[in-house]
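Worksheet for the structure shown next.
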Amino acid sequence: MTMHMRRPQSKSEPYALTEAILPAPRIPGADEVIVTASADMVFDRLAGDMVAQAKECVREFGDFHLALSGGRTPEPLYERLMYDPNYRQLPWRRTHLWLVDERMVGFDDPKSNFRMIHETIVQHADIPPEQVHPIKATVENADVEYEKELREQLMWREKGQDRLDFALLGLGADGHTASLFPYSEAIHEDARLVRVNRGGQTPPPGRITMTLPLINAARFIAVLACGMSKQEPIARLIEDRETIEALPIKGVRPLSGELHYYLDAEAAGAV
Ligand code: 6PG
């Protein structure tokens, strides 16, 4: 693998060593698949795209609705968003921060997605508290309440723009995304925006998850997958032979938005 020199776009721009972009496989339905040599490089790329989308949405609508996933993979990306001056320009004061999914545990539980997002982002960003939207997963009707909160916030947008601006999804080794696990009921949800999910191959604890109709309505969907454990589901996705029930990530197909995959070499099978 070689590092590439990028030609400067103008005389004032110096030659820079850019991220080593590797040849990318074709993933059905994806507008772009980025493969970089290391996870760190792919975080860079994703963070840059997130900041660009955020600025554009704030310019156009006055705010930015961002939905983040939990899991281990994005943690260093979230840290990066806070300490890297290139990404500190994300307009947090105009951002609404949502969760793609949550485990049915309290915020003090190490398994809580919000706990991780709070520690990595919320504590360090100048985001107004009323624009932070954790899923209160242990209260009764948490899914109904979260859907209500989403609708109330998004209704300020004009029709057609009342959707998430950016959804960051992860990928499980079994092909799940959000908390839409293989052969679980929530995969088939076609009306609700948020719901409880249990059953199928869903490991306990139960989950509250955004559904495919909400995710697929987003303006920009980013799927982040890094490491060897993601190689198999990515290969299955590329093969395109399985059903959405068996491989839920296949259900992610934006209606009128963009779908971008961000993979490191291991996940892409390029090692
Ligand atoms: C969660 C997530 C989930 C996650 C994948 C990948 O609550 O766990 O939101 O969908 O993105 O399970 O998790 P890792 O990044 O830990 O592999």
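The values are calculated or read from the model by the stated rules, or taken from the named source; none is laboratory data. These numbers were taken from a predicted model, which means no experiment stands behind them. Cβ coordinates were reconstructed from backbone atoms using ideal geometry, including for glycine residues, and neighbour counts include every protein chain displayed.
Odds and ends about this structure:
- Residue count for segment 176-195, restricted to those that are touching a Leu at 6+ places or on another chain (Cβ under 8 Å), touching a residue at least 40 places away in the same chain (Cβ under 8 Å) and either polar (S, T, N, Q) or farther than 15 Å from Ser69 by Cα (or both): 4
- Yes/no for Thr2 being at pLDDT below 95 and away from the ligand (no atom under 13 Å from the Cβ): yes
- Inspection of segment 196-213 identifies at least one residue that is of a type in the set (Lys, Arg) and within 11 Å of the ligand (Cβ to nearest atom).
- Conditions (1) within 16 Å of the ligand (Cβ to nearest atom); (2) closer than 17 Å to Pro204 by Cα: number failed by Leu164: (2)
- Residue under evaluation Ile234, criteria (1) crowded, with 24+ Cβ neighbours inside 10 Å; (2) within 12 Å of the ligand (Cβ to nearest atom); (3) within 29 Å of Ser38 (Cα to Cα), criterion not met: (2)
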